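**Student:** First the structure, then my questions, so here it is.
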């Protein structure tokens with residue numbers, strides 16, 4: 001089977017790589033397109049590297065329109081040249097939804113893996129999905145219900161974190177504090193400074209003695225310079241390593257909130273972006289009151305959210321103190337995290353997603 005894949009951000013590269021690994025167990029596979037090291041490790045040929053195009057917000061994309069225009073032309077040319085059985089789109093909706101429409105008009109079969117959050121901010125794009133996507137593979141069951149209302153074929157594979165985090169860590173009060181500032185440069189540049197300032201206060205007041213910071217391999221070391229220079233702070237290469245000795249964590253909104261909840265580490269959620277991006281997001285987002293994925297998928301407040309100007313040293317310190325110590329707040333937080341594990345579904349999600357792709361290529365899905 002021949003696939004052209006389009007995964008333009010680090011999390012999509014991880015999920016896409018997992019799916020391709022499973023698909024290779026089922027069939028002979030030829031894959032090329034937009035991706036990163038995980039898709040390449042799964043045998044994909046990287047025609048366009050995601051590390052040039054992984055941006056966070058509206059204003060950042062606007063400033064890079066020329067670059068994205070070249071990528072759009074390049075991917076279209078690549079699809080025509082490769083003539084794939086399936087165009088596999090992974091998340092990255094600002095780029096992938098228009099690409100789906102272009103490909104469908106030219107007769108290509110389009111599968112979209114990891115639903116764009118249209119249920120929050122893009123209901124006006126649902127018609128585009130219906131016209132251009134043959135099958136939507138979602139990570140959460142409620143997304144299938146959403147698409148079904150609009151006549152879109154959708155199936156739920158569940159979330160791969162159910163496989164990668166089969167059991168929880170042993171979290172105890174009064175140990176280390178973990179900081180997960182995100183995987184994009186803009187996230188880190190806006191979040192790491194208040195995170196480190198809060199650590200200094202918590203350490204000096206005796207609440208914790210050390211901290212760990214999860215480092216993204218896709219971000220230059222200079223973005224972590226402040227943390228690297230601080231005494232009692234260690235830089236680690238994964239979320240799990242950051243959380244391994246942690247009493248609690250401060251986490252950038254997104255998939256990391258799900259992972260932290262699955263490891264059962266109490267945490268607060270932080271989100272900060274440019275003023276223009278936040279203004280536009282407020283205008284577009286409808287129907288959801290939360291920004292952290294752990295809160296969204298469970299429909300409850302798994303963790304406190306600090307957004308924009310609320311991401312400051314005082315707030316981080318005040319909300320972290322009861323999570324670090326043996327308090328009722330900490331115990332309630334730990335209990336609520338079971339809701340996240342239930343929301344992510346059963347094990348085997350990447351295998352199920354691969355089966356859906358294979359069946360779609362063979363026109364076997366009813």
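The values are calculated or read from the model by the stated rules, or taken from the named source; none is laboratory data. Just so it is clear, the structure is predicted and the values come from calculations on it, not from any experiment. Don't worry about glycine lacking a Cβ; one is built from the backbone with ideal geometry, like all the others, and counts go over all protein chains shown.
**Student:** Do we find a residue being modelled with pLDDT of 95 or more and not in a helix (DSSP H, G or I) anywhere in the stretch 15-26?
**Tutor:** For the stretch 15-26, residues modelled with pLDDT of 95 or more and not in a helix (DSSP H, G or I): present.
**Student:** Next up: So, in the stretch 325-347, how many residues would count as being within 15 Å of residue 170 (Cα to Cα) and touching a helix residue (DSSP H, G or I) at 6+ places or on another chain (Cβ under 7 Å)?
**Tutor:** 3
**Student:** Further, regarding this structure: If you go through the stretch 163-217, how many residues are touching a residue at least 60 places away in the same chain (Cβ under 8 Å) and part of a helix (DSSP H, G or I)?
**Tutor:** Adding up the residues that qualify gives 11.
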